[in-house]
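To start, the structure under review is shown below, and the notes come after it.
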Amino acid sequence: STCRMGEDPRLHVVDSWGRSHDVANLFVADMSVFPTSVGVPPQITTAALADRTGRWIAANWDAVRAGRRV
């Protein structure tokens, strides 16, 4: 829970897509965005989160590259 996920930049580090509220073009796609442990083993959950984030970045690449929030 070191990079808490949520929409309020005052309370959270990244938004629901793993995009940093403070650093442009920084995405976090690992277990640090979850508030608690998701169980053992966490590899599938981590892989699913990384896949979801990667697909979002690919679908919105022009905006990401330009540093615009979508």
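The values are calculated or read from the model by the stated rules, or taken from the named source; none is laboratory data. These numbers come from a predicted model, not from an experiment. Counting neighbours? That spans all protein chains shown, and the Cβs are built from the backbone with ideal geometry, glycine included. These accessible areas exclude ligands, DNA and RNA; they are computed on the full protein's heavy atoms, side chains included. Shrake-Rupley method; radii C 1.70, N 1.55, O 1.52, S 1.80 Å.
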Those residues of region 49-70 which are over 11 Å from the mean Cα position of the chain (by Cα) and of a type in the set (Gly, Ala, Ser), in sequence order | 58, 59, 63, 66, 67
Leading residue by the ranking (modelled with the lowest pLDDT) among those in region 30-48 that are under 13 Å from residue 2 (Cβ atoms), under 12 Å from the mean Cα position of the chain (by Cα) and not small (Gly, Ala, Ser) = 34
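Here is a yes/no grid of residues against (1) in a helix (DSSP H, G or I); (2) touching a residue at least 40 places away in the same chain (Cβ under 8 Å); (3) of a type in the set (A, V, I, L, M, F, W, C):
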residue	(1), (2), (3)
32	yes, no, no
36	no, no, no
41	no, no, no
44	yes, no, yes
49	yes, no, yes
53	yes, no, no
56	yes, no, yes
64	yes, no, yes
68	no, no, no
Residue list for region 1-41, filter: open to solvent by 50 Å² or more (accessible area, probe 1.4 Å) and over 21 Å from residue 56 (Cα atoms) = 1, 2, 10, 11, 35, 36, 37, 38, 40, 41
Out of region 1-29, which residues are of a type in the set (Gly, Ala, Ser) and over 11 Å from the mean Cα position of the chain (by Cα)?
-> 1, 24
